[in-house]
Structure formats: structure tokens, C-alpha cells
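Down below is the structure, laid out as C-alpha cells.
The values are calculated or read from the model by the stated rules, or taken from the named source; none is laboratory data. Quantities reported herein were computed from a predicted structural model and do not represent experimental measurements. For neighbour counting, all protein chains shown are included, and Cβ atoms are generated from backbone atoms with ideal geometry for every residue, glycine included. Keep in mind that these areas ignore ligands, DNA and RNA; they rest on the heavy atoms of the full protein, side chains included. Shrake-Rupley method; radii C 1.70, N 1.55, O 1.52, S 1.80 Å.
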Amino acid sequence: MAPRQREDQRMKLHSYLTPDGMFDYEKYKAVQEAGNRRKLHAHWVHRETIGFLSNWLRQNISPLRFGLCHGTRRGYEQSWMREQLGIEVIGTEISPTATEFPHTIQWDFHDTKPEWLESVDFIYSNSYDHSYDPEKCFTAWASCLRVGGVMLLEHTDQNSPKAVSELDPFGAERDELVALLNRIGGDHFGVREVIGTFPFTPAAHLKDLHFIIVEKRKRMDGR
Ligand SMILES: C[S@@+](CC[C@H](N)C(=O)[O-])C[C@H]1O[C@@H](n2cnc3c(N)ncnc32)[C@H](O)[C@@H]1O
């Protein structure tokens with residue numbers, strides 16, 4: 001119990017509440033859609049980091065057949081991964097603008113599709129800081145991975161508790177996020193490695209860039 005309390009005290013989660021104190025999902029969606037539309041011209045993901053991750057996947061994960069990217073706005077990550085890996089990769093985006101971008105579905109990444117469960121080879125995201133419930137989010141993502149599949153979670157200084165806002169409700173330092181993932185993963189999933197050294201200079205906005213690689217170790221459907 002004690003370690004969990006320490007983690008929770010240092011991590012930060014903004015709450016979306018109705019006047020009577022209940023979770024306000026409509027407000028969450030409205031805030032995310034407004035932010036998405038405001039920033040629709042821009043992208044955060046960088047081509048070099050996707051090239052690096054694609055190489056890492058080719059060297060470490062086999063077979064590679066299907067990948068998901070979560071919270072993708074203009075959808076560059078899935079387009080570049082499709083190009084580089086030559087496989088099916090799709091992105092989720094909560095905003096209705098999803099339909100404007102190729103290989104993107106309008107979908108809340110806290111939810112799973114039956115056909116994804118226990119079957120996805122990798123999940124990439126730089127958007128988990130938009131989760132209203134990180135435990136629910138990471139558990140849902142892990143439930144989609146096949147055993148041996150991985151989540152590639154991008155972490156920069158913008159994922160720290162200091163960066164939390166109504167639009168970016170979840171913040172954790174890298175070590176806190178690693179501890180959280182290992183705690184909720186139990187026997188089923190856990191952090192395989194943290195990569196912070198790259199054969200390229202990360203773009204200036206990716207300050208203190210690391211990738212937390214989370215591996216699925218045991219099926220989560222009881223089979
Ligand atoms: C920081 S932006 C990153 C966009 C893109 N990955 C990039 O690098 O340019 C986060 C995106 O996630 C979307 N998003 C927020 N909450 C989401 C959710 N629950 N499910 C799916 N997408 C979500 C937002 O609308 C926004 O477009």
C-alpha cells in the first residue's frame with residue numbers, strides 16, 4: 001500500500017466533474033475536441049523518432065502484422081509506420097476530425113474493440129497524457145496486445161506533473177510512470193526497458209525524450 005500512496009501523491013490527474021461531483025465524460029470529450037481543433041494544423045510526433053521505433057520493432061518483435069497508434073490528430077505516426085514497416089497500422093482519435101485523416105478512426109482510446117483483444121503486435125502513443133484514467137487506459141491497451149507484443153510510450157518533460165492542464169489531464173515523471181505500469185501490470189505486463197539514448201539528436205520540442213517499452217507477458221482474457 002505504501003508505494004502506491006507515494007506514486008499517487010507525486011503523479012497528477014485533473015478531474016472532469018459535474019456540479020454534483022460525478023465524472024463528466026461529456027466535458028472530457030468536449031475539452032479534447034476543442035483542443036484537437038485548435039491544434040489541428042500542428043503535429044508533435046517526429047519522423048526520426050518513428051523511424052527509430054520502426055527499426056527497434058523490426059529488430060525486437062516478430063511477427064509484425066498489425067499496430068495501433070493512440071491519439072493521433074493528423075495521423076502522421078501511423079502513416080510513417082505503415083511506410084516503414086509495410087504492415088497495417090491504424091490510429092485512434094477522439095475528435096470527429098479523425099475522418100479527415102487516412103488510416104484514422106474516431107475512437108476513445110480508453111475503449112477496446114473485440115477484434116483487437118490479445119492480437120495487436122505493438123501500440124505507439126505520445127497521447128496518454130490525455131487520459132482521464134491512466135490505469136484504465138494502460139490496462140485497455142495491454143489487453144489488446146498479444147503476448148510478446150509491446151507498448152511504446154513516448155515520455156518527455158511535457159509528460160511531467162508540471163505540464164498537467166484541463167487538456168492534458170495526466171502527468172507523471174518517468175520513474176513514476178514505470179512504477180505505475182509495473183504495479184498495474186502485475187503478472188500480465190510490465191516495463192521491458194527504457195530507451196533514452198538515440199542515434200540522432202531529438203527535435204528541440206522533445207526535451208528529455210525517452211521511450212518506455214512495456215511488454216505483454218500473460219494473456220488477460222483468462223485463456
Ligand atoms: C498531444 S496530441 C498528439 C497528436 C499526435 N499524436 C501528434 O503527435 O501530433 C493528442 C491527441 O490525442 C487526442 N485524444 C485525446 N484524448 C483522446 C482519447 N481518449 N482517445 C483518442 N484520442 C484522444 C486529441 O484529440 C489530440 O489530437
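Figures for the structure shown
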{"quantity": "Residue in the stretch 5-20 that is modelled with the lowest pLDDT, counting only those that are among the charged types (D, E, K, R) and over 16 Å from residue 133 (Cα atoms)", "calculated": "6"}
{"quantity": "Some residue of the stretch 163-178 being modelled with pLDDT of 95 or more, buried (at least 17 other Cβ atoms within 10 Å of the Cβ) and hydroxyl-bearing (Ser, Thr, Tyr)", "calculated": "no"}
{"quantity": "Test result for residue 122, closer than 20 Å to residue 214 by Cβ and of a type in the set (Phe, Trp, Tyr)", "calculated": "yes"}
{"quantity": "Residue list for the stretch 90-99, restricted to those being without any contact (Cβ under 8 Å) to a residue 40 or more places away in the chain and either open to solvent by 30 Å² or more (accessible area, probe 1.4 Å) or not hydroxyl-bearing (Ser, Thr, Tyr) (or both)", "calculated": "90, 91, 98, 99"}
{"quantity": "Subset tally (residues that are away from the ligand (no atom under 12 Å from the Cβ) and open to solvent by 10 Å² or more (accessible area, probe 1.4 Å)) for the stretch 66-84", "calculated": "4"}
{"quantity": "Checklist (1) in a helix (DSSP H, G or I); (2) surrounded by fewer than 20 Cβ atoms within 10 Å (Cβ to Cβ) applied to residue 181, failing item", "calculated": "(2)"}
{"quantity": "Which listed residue is more than 13 Å from the ligand (Cβ to nearest atom), more than 17 Å from the chain's Cα centre (by Cα) and either touching a residue at least 40 places away in the same chain (Cβ under 8 Å) or crowded, with 19+ Cβ neighbours inside 10 Å (or both), from 87, 61", "calculated": "61"}
{"quantity": "Residue pairs meeting the criteria (Cβ under 6 Å; at least 6 apart or on separate chains; first within 16 Å of the ligand (Cβ to nearest atom), in the stretch 7-32; second part of a helix (DSSP H, G or I) and at pLDDT 95 or above)", "calculated": "16/27; 16/28"}
{"quantity": "Search result, residues across the stretch 101-132 that are in contact (Cβ under 8 Å) with a residue 60 or more places away in the chain and either crowded, with 20+ Cβ neighbours inside 10 Å or not aliphatic (A, V, I, L, M) (or both)", "calculated": "108, 118, 121, 122, 124, 126, 130, 132"}
{"quantity": "Residue within the stretch 139-146 that is at pLDDT 95 or above, of a type in the set (A, V, I, L, M) and either open to solvent by 20 Å² or more (accessible area, probe 1.4 Å) or touching a Leu at 6+ places or on another chain (Cβ under 6 Å) (or both) present", "calculated": "no"}
{"quantity": "Within the stretch 185-223, tally of residues that are part of a loop (DSSP other than H, G, I, E, B), on the phi < 0 side of the Ramachandran plot and either of a type outside the set (A, V, I, L, M) or open to solvent by less than 40 Å² (accessible area, probe 1.4 Å) (or both)", "calculated": "19"}
{"quantity": "Residue in the stretch 148-160 that is of a type in the set (Val, Ile, Thr), without any contact (Cβ under 8 Å) to a residue 40 or more places away in the chain and assigned to a strand (DSSP E or B) present", "calculated": "no"}
